Each structure stands twice: as C-alpha cells, then as structure tokens.
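Structure first, then comments.
Laboratory data are not the source of any read-out in this text; all were calculated from the coordinates shown. None of these values were measured; they are calculated from a predicted model. FYI the Cβ positions are ideal-geometry reconstructions off the backbone, even for glycines, and counts take in every protein chain you see.
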Amino acid sequence: MRRALRWIAANAPLMALALILASLSWVVAVEKNDPTVEQVFPQPVPITLAALPKGMLVVGDFKANAQFTVRAPASLWASLKVTDFTAIVDLGGLGAGAYQLPLKWELHRHPAWVTHVEPEYVSVELDFETVQPVPVRVSVEGEPRLGYIQRPPIVTPTHVIVHGPASYVSRVAEAVVRARVQDATADVTGDFQPLPLDSQGQSVPYVTLETKTVSVQVPIQLSSYYRVLSVKAVLTGTLAPGYRITNISVEPPNVTVFGNPESIAALPGYIETRPINLEGAQASIVERPPLNLPQNISLVMADQPVVRVLVEAIQGSRTMVITPTIQGLGPGLTCTISPATIEIVMSGPMPLLDTLDVDDVRAVLDLFNLGAGVHQLEPHIVVPEGITAQSILPVNVQVEIAIFTPPTPEGGQENMRPLKPSI
C-alpha cells in the first residue's frame, strides 16, 4: 500500500500533465471540427417594457431594439433565433418622469454567451393616464360662390374625449375639423376627422381622440339680392329642307342675377336669350346670344352663356337600279352577265340621297384571272362619301365567260360581246 502511494506521489506530475495534454487534444479536435465564432447577431431583438405601474402610460410609441454580440460554436450559431434572446426594461415602482433605465437581457441557448449588448440603457418617459373632454370646432375654409352666404356650421357631437398622458392631454384646447366650402352653392356635409390642437393651433402629440369622426353641416344659402335662373334658348327661322335639330345645349345652364329683393322675387324661374336665327341652316350653330334682362337686374358674371344647336341631315334610304360594270376581262374572251341589272338599297342624309345620279353609283364585277366558264360573283359597290350601301339584290351575279369566236362569212354564228367595256 505504501509502495503504491509512493508511486502515485512520484508520478503525480506526469499524470497531471498527461490529463492536461489529453484535454488540450480534445479541445483542439473539437475546435477544429466546430470552431467558436464571435460576431453580432444579425437581427435586432425587440425590447420589452415590464411591470408598468397601474395608472401610468409610456409616452409615445415605444419601439426599441437591442443588438447582441454572441460567442458560440459555429453549429450553434447557425440555429440561433430572435426568440432565443430576452431584452427587458423593468418599470416597476416608477412614477411620472423621464428615465434612463438599464437593459436586462438573457440568452437561452448554451454553450453560447453574450459578449456585448447595445444599448446598455434605454430612454423611457412615463406619465399618468388621463382623459378629458374638449369642444369640437369647425374651421371653414374658402368662400361660397358669389351670391351665397355661409351660415354657422353644425357639428355632432359638440365635444369629444381626449385620452393619453396627463401632461399632453392638458395641452389640448379643442378638437378641430376642417370643412371646405370654396364655390359651394349648397350645404356642405360629411364626416370629418377631428385633430387635437393646443391654444396656439398646434397639433398635440401622443394623445388620441375616442371619437374618430364627427358629422358636420355647413349651411349655404342664397342671398335675397341674388337669384339663380335657368337659361332658355329662343330659336327662330326654319332649317334647310332635309335637316333637323338633334340637340340644344346651354353652357352654363344657369346664371346668377343681382338686383333688389323685390325685383329678384318677381322674376320667373328662367331667363330667355335673344332669338337665334336658324333660317336655312345645314350645320350646327354655336352662339353666345345676349340675355333679355329686365331693368334693374344684372348678371353677376360678365360672360354670356354659350348656346349650341346641333343640326343634322335627316337620314333616309333610296333604291337605284344599276347596270354592273366589268373589269379585268382577259384578251380573247367575252362575257354575259345575268341578271343584266341589280338593285342597290342605300342609306344616308336625305339631301345627299336626293341629289344622287345613276352615274354616281357603280357596281363593279372583277374578272381578273377568270377563265372560260360560269362564275358567281359579288359586285363591289362604289357610292359617294356619306352614303352607305345597305343591301344588294341579288347578292351574286352570274357571269358566263366564253372564248371569242369571229363570225363566219355566212353569218352563221353570232359575235358575243361584253355588256360594258372593261375599266
């Protein structure tokens, strides 16, 4: 026993050295296969606020992140996630005020450890939570059209509740909605979003209004010295034969007049133009005729309304009997067509249809590259511009093409000729 102890004592340094060398060999082998990596974790870790005292609010929209530098084996690094980290700021026991609070953190993966965290301290502002009613005011922007009067606006509800940090809620003097009435001729109504403003008209941050929209009506009334009248166009004369009026428009359709209330009230609901002469018209007419204004009544605007009278030819139809014309008949050939005439039904303006002559319309039979034999062809109809060929009777014409044979001396065979020379 003593000999064994003496042997152990004598060889203890060598045994310790062997153990150290074995451990180093193991560490080197592990490090070689799975080296240790130290670097910044690429994703920011959200900072959580904990233990907020009852009745308190964090001023503003708190959004802060922490950046971690981590040392860990490469295999572990590849699997690290944001949820492996915890970053907390403890608000327990704090009152109203601005603070620089230490960041508490933890990494839930081993064998990994954090070598650095930013930030070390986090800025947080706390305040007491409160609510307060404030009046709603309508800010009217612009002016109604000349001759109209804006009355005091009506808003529902008349007060809204402001919620938020006490130091900011106390700055809110009113909730303002903006309604635009520029050139309005009728009540302006709608739902508008109120804005919390202080006594200087500046927006107050970090507060919310419990009522998101309010209903606003801005009454707009016509002054008794003004009146809106529709414009009635007066026409005289007769259009050219075959033409008709398709539309009459006035722009603007209404005018505003000015005068004393008694004269204004006595007016009918319209005002007439001076007569517009349509005698013999064959096209649309655009005029700016004067208005027949009573005495002591004047137009608010200097420009006279524009009157447009749209004039179009009356549409009709006409049937003509046409002898077809042939073209492209080859040399040494002759042809016979059946029937010898066709009927064409045409549509268009009556004044143009009435002036059509038989020479103005053609039915062309194209015989190019056709040899001897019987052919069914559809004539190509040529009509003047503005006229449409609605139908052809018959649709197809029979054309019999034959080889031309000169007459014998005895005259025993007839010479066949084309109906019309080719063109």
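Points to keep in mind about this one:
- The chain, relative contact order [Cα under 8 Å, separation at least 6], %: 9
- Relative contact order (%) - criterion: Cα under 8 Å, at least six apart; region: the range 83-218: 23
- The three principal axes of the Cα atoms in the range 56-112 give end-to-end lengths of 46, 20, 15 Å, sorted in falling order.
- Pair GLU143, THR341: separation of 7 Å Cα→Cβ label points (nm): 7.7
- Amide H contacts under 5 Å for PHE404, placed H, 5+ residues apart: LEU333, THR334
- Sorted from longest to shortest, the spans of the Cα atoms of the range 129-168 along the three principal axes equal 50, 17, 8 Å.
- Helix 2-33 vs. the chain, principal-axis angle (Cα, 0 to 90°, nearest 10): 10
- Evaluated at q = 0.13, 0.16, 0.18, 0.24 Å⁻¹, a Debye calculation over the C-alpha positions of the range 228-313 (equal weights, vacuum) places log10 I(q)/I(0) at -0.46, -0.64, -0.75, -1.11.
- Here is the size of the range 107-186 from its Cα atoms: Rg then Dmax, 25.1, 83 Å.
- Sites THR246 and ASP61, calculated FRET efficiency, Cβ-Cβ separation with R0 56 Å, nearest 0.05: 0.30
- Relative frequency of Cα-Cα separations exceeding 22 Å in the range 247-396, percent: 63
- Residues whose placed amide H lies under 5 Å from that of ASP187, excluding near-sequence neighbours: ILE220
- Inter-label distance, VAL40 to ASN277: 8.9 nm, where each label sits 7 Å from its Cα along the C-beta direction.
- Computed log₁₀ I(q)/I(0) - Debye formula, equal Cα scatterers, no solvent, the range 158-257, q 0.17, 0.22, 0.23 Å⁻¹: -0.88, -1.13, -1.18
- Average Cα contact separation per residue, the range 317-403, under 8 Å, 6 or more apart, as relative contact order %: 40
- Near the amide H of THR48, within less than 5 Å, lie the amide hydrogens of ALA87, ILE88, VAL89, all on another chain or at least 5 residues away, with H placed in the peptide plane.
- Distance-filtered residues of the range 270-311 - backbone nitrogen under 18 Å, label point 7 angstrom along THR238 Cα→Cβ: 276-283
- For a paramagnetic label modelled on SER391 (point 7 Å from Cα along Cα→Cβ), amide N atoms under 13 Å away belong, within the range 344-359, to 344-347.
- Across all directions, the average flat footprint of the convex hull enclosing the Cα atoms of the chain is 58.8 nm².
- Antiparallel DSSP beta bridges within the chain, percent to nearest 5: 85
- Segments 54-63, 346-355, 142-151 sorted - mean Cβ within 10 Å per residue, highest first: 346-355, 142-151, 54-63
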